[in-house]
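Asker: Following this message is one structure expressed as structure tokens.
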Amino acid sequence: MSDEQLSRAPVPDQAEDNAFFPSKYSLTRYTSPKTDFDGTTYPEPYTGGKWKILMIGTQERYLMMKGGEFFSTGNHPVETLLPMYHLDAAGFEIDVATISGDPVKFEWWAFPHEDEAVKATCKKYEHQFRQPKKLADVIGKGLTAETPYLGVFIPGGHGVLNGVPFSTQVGDILRWAQAEERFTISLCHGPASLLATAADGGQFAYDGYEMCVFPDSLDTGANIEIGYIPGPMAWLVGESLRKHNVRILNTGITGQVHRDRHLLTGDSPLASNRLGKLAASTLLEAVSQ
């Protein structure tokens, strides 16, 4: 059977009523057994032992769509693991956290099973994905200049739209990172997390910033047409960010990345390798200074 003959109907998830995985056809368009990892290494990694990365994942599996259907989602494994590979290889220890402290959820249907770099990173951090830190414990009595996170990494996957953009704790962490000139790294739907800086009714912290984000045009068009998602979204990432005077640079998904001050972003899973390299080199340059 050719790819074009595969069904474009979203696949029912038997674990939840009215919940769906992407269609078989859409997975041939959007997933691959290998990534574009190019073998990049870091001959002079960070060895100082002070600076770490905080990765905030989603603990939510099901995203409710506008019509009431559930999309069986989570964090995209390539968007999560390939940037983590680069940051880890560059010498930075990574702490994994979720809002609740419950396990990180992944879109396992997108896992690149023939990609050794991604598989090795998944294995190394498997325990943390299953038993992550709770964000309230990360914040503790407050984040200070002595808090050792040089970067905050929030990967995409539609699952990040569950809770993360509305979490005052995520907002506190991102405002702290901005104030302390620490780096925020995100891609695809992940930049929706930046909305958390206004979750308490305060001012959005990234007013006037330029960034790369997954295009709304795909979530309102092709993603529905090919059965990747089971219906229209309840809300759109780009539309919501533009209301806060964000300038989105990309119109498609080409692997584009961008740095604006201490914010590093990428447009889609296709940007995972490039964003990982940008983040690793940027953070290595920062610690060298």
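Asker: Filter region 197-207 for residues that are open to solvent by 30 Å² or more (accessible area, probe 1.4 Å) and farther than 10 Å from Leu241 by Cα and give the result.
Answerer: Answer for region 197-207, where residues must be open to solvent by 30 Å² or more (accessible area, probe 1.4 Å) and farther than 10 Å from Leu241 by Cα: Ala199, Asp200, Gly201, Gly202, Gln203.
Asker: A further question follows. Going by what's in this entry, would Ile224 be described as part of a helix (DSSP H, G or I), closer than 25 Å to Phe71 by Cβ, among the aliphatic types (A, V, I, L, M) and free of Cβ contacts under 8 Å to residues at least 60 places away in the same chain?
Answerer: yes
Asker: Determine the pairs where a residue that is closer than 22 Å to Ala110 by Cα, located within region 153-171, has a partner that is among the basic types (Lys, Arg) and surrounded by 24 or more Cβ atoms within 10 Å (Cβ to Cβ) with Cβ atoms under 7 Å apart, the partner being 6 or more residues away or on another chain.
Answerer: none
Asker: Can you name every residue in region 235-273 that is in contact (Cβ under 8 Å) with a residue 60 or more places away in the chain, open to solvent by less than 10 Å² (accessible area, probe 1.4 Å) and assigned to a helix (DSSP H, G or I)?
Answerer: Of everything in region 235-273, those that are in contact (Cβ under 8 Å) with a residue 60 or more places away in the chain, open to solvent by less than 10 Å² (accessible area, probe 1.4 Å) and assigned to a helix (DSSP H, G or I) turn out to be Val237, Ala271, Ser272, Asn273.
Asker: Out of all the residues in region 21-39, which are more than 21 Å from the chain's Cα centre (by Cα) and open to solvent by less than 70 Å² (accessible area, probe 1.4 Å)?
Answerer: Ser23, Tyr25, Thr28, Gly39
Asker: State the number of residues belonging to region 144-176 that are among the hydrophobic types (A, V, I, L, M, F, W, C), part of a helix (DSSP H, G or I) and surrounded by 24 or more Cβ atoms within 10 Å (Cβ to Cβ).
Answerer: Of the residues in that region, 6 qualify.
Asker: Find the residue count for region 166-191, including only residues that are under 16 Å from the mean Cα position of the chain (by Cα) and under 14 Å from Gly57 (Cβ atoms).
Answerer: Residues flagged as under 16 Å from the mean Cα position of the chain (by Cα) and under 14 Å from Gly57 (Cβ atoms) within region 166-191 amount to 9.
Asker: Oh, and also: If a residue has to be part of a loop (DSSP other than H, G, I, E, B) and farther than 17 Å from Lys52 by Cα to count, how many in region 108-141 make the cut?
Answerer: Of the residues in that region, 7 qualify.
Asker: When you scan region 274-285, do you find a residue that is in contact with an Asp or Glu (Cβ under 9 Å, 6 or more places away or on another chain), surrounded by 17 or more Cβ atoms within 10 Å (Cβ to Cβ), assigned to a loop (DSSP other than H, G, I, E, B) and not aliphatic (A, V, I, L, M), even just one?
Answerer: Checked region 274-285: no residue is in contact with an Asp or Glu (Cβ under 9 Å, 6 or more places away or on another chain), surrounded by 17 or more Cβ atoms within 10 Å (Cβ to Cβ), assigned to a loop (DSSP other than H, G, I, E, B) and not aliphatic (A, V, I, L, M).
Asker: Looking at region 208-234, which of the residues that are under 16 Å from Ala9 (Cα atoms) and aliphatic (A, V, I, L, M) is surrounded by the most Cβ atoms within 10 Å (Cβ to Cβ)?
Answerer: Out of the qualifying residues, it is Ile229.
Asker: Here's something else I'd like to know. Select from region 179-191 the residues that are surrounded by 19 or more Cβ atoms within 10 Å (Cβ to Cβ) and part of a helix (DSSP H, G or I) and list them in ascending order.
Answerer: Result: Gly190, Pro191.
Asker: Among the residues that make up region 104-119, is at least one of them out of contact with any strand residue (DSSP E or B) (no Cβ under 7 Å at 6 or more places or on another chain), of a type in the set (Val, Ile, Thr) and open to solvent by less than 10 Å² (accessible area, probe 1.4 Å)?
Answerer: yes
Asker: Let me ask you something else. Give me the strands (runs of 3 or more DSSP E) completely within region 27-82, filtered to those with at least 2 residues that are in contact (Cβ under 8 Å) with a residue 60 or more places away in the chain and either touching a Ser or Thr at 6+ places or on another chain (Cβ under 7 Å) or within 24 Å of Ala136 (Cα to Cα) (or both), ordered by residue number.
Answerer: Hits in region 27-82: 52-56, 62-64.
The values are calculated or read from the model by the stated rules, or taken from the named source; none is laboratory data. All values reported here derive from a predicted model rather than from experimental measurement. Heads up, the Cβs are rebuilt from the backbone with ideal geometry, glycines too, and the neighbour counts pull from every protein chain shown. To get the accessible areas, we keep the full protein, side chains included, count just its heavy atoms, and leave off ligands, DNA and RNA. Shrake-Rupley method; radii C 1.70, N 1.55, O 1.52, S 1.80 Å.
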